[in-house]
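Encoded as structure tokens, the structure appears first; notes follow it.
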Amino acid sequence: MESGSHAHAADPRNADVLIHVNGRLVPRPEATVSVFDSGFLLGDGVWEGIRLHNGQLVFIDEHMDRLYEAAKAIDLDIGLARDELVAAIEDTCRANAMDSGVHIRLVVSRGEKSTPYQSPAANLGGPTIVIIPEWKEPDPGVLERGMTLFTVHVHRGPPDVQDPMLELAVEAQLHRGLHPGAQGRRGRGPHAGPARLRRHLQLDPLLRRARPRALDLERSTTACDRHHPPAQCSMLAAASRATPCARRTSR
């Protein structure tokens, strides 16, 4: 039994809950996704944990903000508008006659693939959306017993090391670069994904310092928005804490 802040009593009703899987409500034993799903193969997706209390989805606007921002950061199209997704959550809870004391796990992956391969070219269609509602009342014993806290020994890096958020920019740019029109990880022409990715990495002063021989910075620049929308450029700049990018072209 979980003894921390997530501790809850087992509820036999959860054995028969209906789970939303890509628009269908199916009994818990039948709620499955493919072994070729991006979430299973690569952990490629986003998720939220939401509470239903007295008929209200608690902090639902904030949850949706975070979900859609995270999806944008990895260039994942959820495929539903915010109000449509919230309606699906409410419908799932209603189908289970749930009103309060409920925890909902919302999971969105990039969807099924034809083969275990990271390229989005291997994806067969849209995202996989799963909504799992369960009765989970907090364990009142936690208030009586209290909790033991542990301070981890791993510290966040100082500002003069590579920002881990840069991984978001790399992930997003790889997916954009490998959309139809690009032919793989080896750049073919000025619009190829890996070449564009390298240009973004060149803008990060920390990477320049770490890999000066691998980056050719003596190139002319033209406006980034000729090659992908300014919104994408701004998102990548925010993710990597770089200034909005400038496209680097061959002499």
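The values are calculated or read from the model by the stated rules, or taken from the named source; none is laboratory data. Computed from a prediction, not measured in an experiment: that's the story for all the values here. Virtual Cβ from ideal backbone geometry, glycine too; neighbours counted across all protein chains shown.
Can we say Glu134 is charged (D, E, K, R), in contact with a His (Cβ under 6 Å, 6 or more places away or on another chain) and at pLDDT 95 or above? Against the criterion (charged (D, E, K, R), in contact with a His (Cβ under 6 Å, 6 or more places away or on another chain) and at pLDDT 95 or above), Glu134 qualifies. Does Val17 satisfy the condition of being touching a helix residue (DSSP H, G or I) at 6+ places or on another chain (Cβ under 8 Å), aliphatic (A, V, I, L, M) and either closer than 21 Å to Ala88 by Cα or modelled with pLDDT under 95 (or both)? The answer is yes for Val17.
Checked against the criterion of being out of contact with any His (no Cβ under 6 Å at 6 or more places or on another chain), within 30 Å of Met147 (Cβ to Cβ) and assigned to a loop (DSSP other than H, G, I, E, B), segment 45-53 contains not a single residue that satisfies it. Could you tell me whether any residue of segment 14-28 is over 19 Å from Gly126 (Cα atoms), over 17 Å from the mean Cα position of the chain (by Cα) and polar (S, T, N, Q)? The answer is yes; a qualifying residue exists. Of all residues in segment 32-54, those being surrounded by fewer than 17 Cβ atoms within 10 Å (Cβ to Cβ), more than 15 Å from Val21 (Cα to Cα) and under 13 Å from the mean Cα position of the chain (by Cα) number 2.
Residue by residue, here is whether (1) within 27 Å of Val35 (Cα to Cα); (2) surrounded by fewer than 16 Cβ atoms within 10 Å (Cβ to Cβ); (3) without any contact (Cβ under 8 Å) to a residue 40 or more places away in the chain; (4) not charged (D, E, K, R) holds:
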position	(1), (2), (3), (4)
Glu69	yes, yes, yes, no
Asp83	no, yes, yes, no
Arg94	no, yes, yes, no
His103	yes, no, no, yes
Thr115	yes, yes, no, yes
Pro133	yes, no, no, yes
Leu143	no, yes, yes, yes
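Of all the criteria given as (1) in contact with a Pro (Cβ under 9 Å, 6 or more places away or on another chain); (2) over 13 Å from Ser38 (Cα atoms), the one not satisfied by Leu76 is (2). The number of residues in segment 79-138 being of a type in the set (Asp, Glu) and part of a loop (DSSP other than H, G, I, E, B) comes to 2.
When segment 7-21 is filtered for residues that are surrounded by 15 or more Cβ atoms within 10 Å (Cβ to Cβ) and over 30 Å from Arg145 (Cα atoms), the ones remaining, listed by number, are Val17, Leu18, Ile19, His20, Val21.
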